[in-house]
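The values are calculated or read from the model by the stated rules, or taken from the named source; none is laboratory data. What you see is a predicted model; the values in this text were computed from it and never measured. With ideal geometry, Cβ positions are generated from the backbone for all residues, glycine too; neighbour counts draw on all protein chains shown.
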Amino acid sequence: MDTNSDLSNKPSVEELVEKYANGEIKAYEIEKHVNPNKAAEIRLKGLEKKYNKRFDNLKVYSILPQNCGPNIENMIGAIQVPLGIAGPVKIKGEYSIGEFHIPLSTTEGTLVASVNRGCSVINKSGGAKVVILKSGQTRSVLFKSKSVIESKKFVDWVKENIDLLKKEAKAEERFIEIDDIETFILGTTVWLRLIANTNDAMGMNMVTIAGKRIGDYISENYSDIEFVSESGNMCIDKKPSALTMIKGRGKKVSAEVMIPNKVIEKYLKTTAEKLIDLNYRKNMLGSAMSGSLGYNAHFANIVAAMFLATGQDMAHTVDGSIGFTTIEKVDDGVLFGVTISSLQVGTVGGGTGVATQKECLDLLGVAGPGEPTGDNSKKLAEIVATAVLAGEISLLGAQAAKHLTRAHLKHNR
């Protein structure tokens, strides 16, 4: 009898739609009555009823709400962003060797075509060479002391007990290793900046949890300091930062290609001298004059399009925009390079498990965890860096040849 009573009292889909439209039930409460797939449908129908509108396209998607629990709350549908392909492009990296097609998700006309042209130039020049300069996720743990003298004493204690703190940070987590703990003092404020190997995960959540463990341990074992927060903005996360530009964060990557004069003249319609001069005056002087930390033409364009396609955290496009484009004269052309200070990429966790993004990772041959050294995430970083290189080659070539506006008029209007 109790079971039958429970079933009879269970609200119908129509009742839930009505209650949500009228504000009698909150968005997150709908899952108490139905599964996540049906809950998304109910929320969208409730919005249609409340605002007397139809949202026919938001309800058309292939990903399942029941599989998106770690990625979204109060799901009502999906935004479809066009996905294009550039390449293939030849890469000779430490982790990526061969030819790769580049998935780019964007609504900006000419972007895929531009990267595709850059890939062609790289191929005609023998392929890109790529290296990972540094790999390590960071999180800064924030503390407050009673005086600068106490701050200094605390930092000395941390240095004496660094191995113990590293062990405490790891605890039962198998996929993280704390490589170093840097210390910073500003009066009564102290930061411990953790640098961690998070293998194939981008690892922000992992290193944040590690920071909380360290903060709690210090609170229990060091009485003259106050644990303020597991994140203290010395990481630095999702914000432009000189510290990130200099020290790197996540994956610091460089990609380069030697482009012969004949390729520059035939395919970029310009000269080595004009490319070098443009890069100097635009990317170096222009960026310095404006106070920019991005000494490049448009790293963020390619980083954002690849991040969206492969399930990365889109806010880390900010970090990916920081870096340098360099063009140097060589005997028969130019050595064209990019150095990206912070590529926050992973192949497990976060949005990488969403079905469409997972397929793009599979296209690149990096889906899921690789070897314990984090080889898949490093391979992905090398491919992203090569795509960025292609984008810089094409855009600077178009600007040097005065073709940029013509290209946008052709593709965008």
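If you go through the range 21-46, how many residues are hydrophobic (A, V, I, L, M, F, W, C), under 17 Å from Leu64 (Cα atoms) and assigned to a helix (DSSP H, G or I)? So the count comes out to 5.
Restricting attention to the range 314-370 and to residues that are surrounded by fewer than 17 Cβ atoms within 10 Å (Cβ to Cβ) and of a type in the set (A, V, I, L, M), the residue that is farthest from the chain's Cα centre (by Cα) turns out to be Val330.
Picking from Gly349, Gly323, which residue would you name as being at pLDDT below 95 and touching a strand residue (DSSP E or B) at 6+ places or on another chain (Cβ under 8 Å)? Of Gly349, Gly323, the one residue that is at pLDDT below 95 and touching a strand residue (DSSP E or B) at 6+ places or on another chain (Cβ under 8 Å) is Gly349. Of note, Glu256 satisfies the criterion of being among the acidic types (Asp, Glu) and modelled with pLDDT of 95 or more. Taking every residue in the range 178-201 that is in contact (Cβ under 8 Å) with a residue 60 or more places away in the chain and pairing it with any residue that is among the basic types (Lys, Arg), at least 6 positions away or on another chain, the pairs with Cβ-Cβ distances below 8 Å are Ala196/Arg139.
Let's see how each residue does on (1) closer than 30 Å to Ala385 by Cα; (2) out of contact with any Lys or Arg (no Cβ under 8 Å at 6 or more places or on another chain):
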site	(1), (2)
Lys32	no, yes
Ala40	no, yes
Pro70	yes, yes
Ala78	yes, yes
Tyr95	yes, no
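Among the numbered conditions (1) on the phi > 0 side of the Ramachandran plot; (2) touching a residue at least 60 places away in the same chain (Cβ under 8 Å); (3) over 16 Å from the mean Cα position of the chain (by Cα), the only one that Ile393 does not meet is (1). Of all residues in the range 218-236, those satisfying the criterion of being in contact (Cβ under 8 Å) with a residue 60 or more places away in the chain and either outside any strand (DSSP E or B) or among the polar types (S, T, N, Q) (or both) are Ile218, Tyr222, Asp224, Ile225, Ser229, Glu230, Ser231, Gly232, Asn233, Met234, Cys235, Ile236. Against the conditions (1) free of Cβ contacts under 8 Å to residues at least 60 places away in the same chain; (2) of a type in the set (Lys, Arg); (3) more than 30 Å from Lys124 (Cα to Cα), Arg249 satisfies every one except (1). Of the listed requirements (1) among the acidic types (Asp, Glu); (2) surrounded by fewer than 24 Cβ atoms within 10 Å (Cβ to Cβ); (3) under 19 Å from Ser254 (Cβ atoms), Glu382 misses just one: (2). Restricting the range 77-114 to residues that are of a type in the set (A, V, I, L, M) and assigned to a helix (DSSP H, G or I) leaves a set whose member that is farthest from the chain's Cα centre (by Cα) is Ala113. Among the residues of the range 359-375, those identified as outside any loop (DSSP other than H, G, I, E, B) and either touching a strand residue (DSSP E or B) at 6+ places or on another chain (Cβ under 7 Å) or modelled with pLDDT under 95 (or both) are Cys360, Leu363, Leu364, Asp375.
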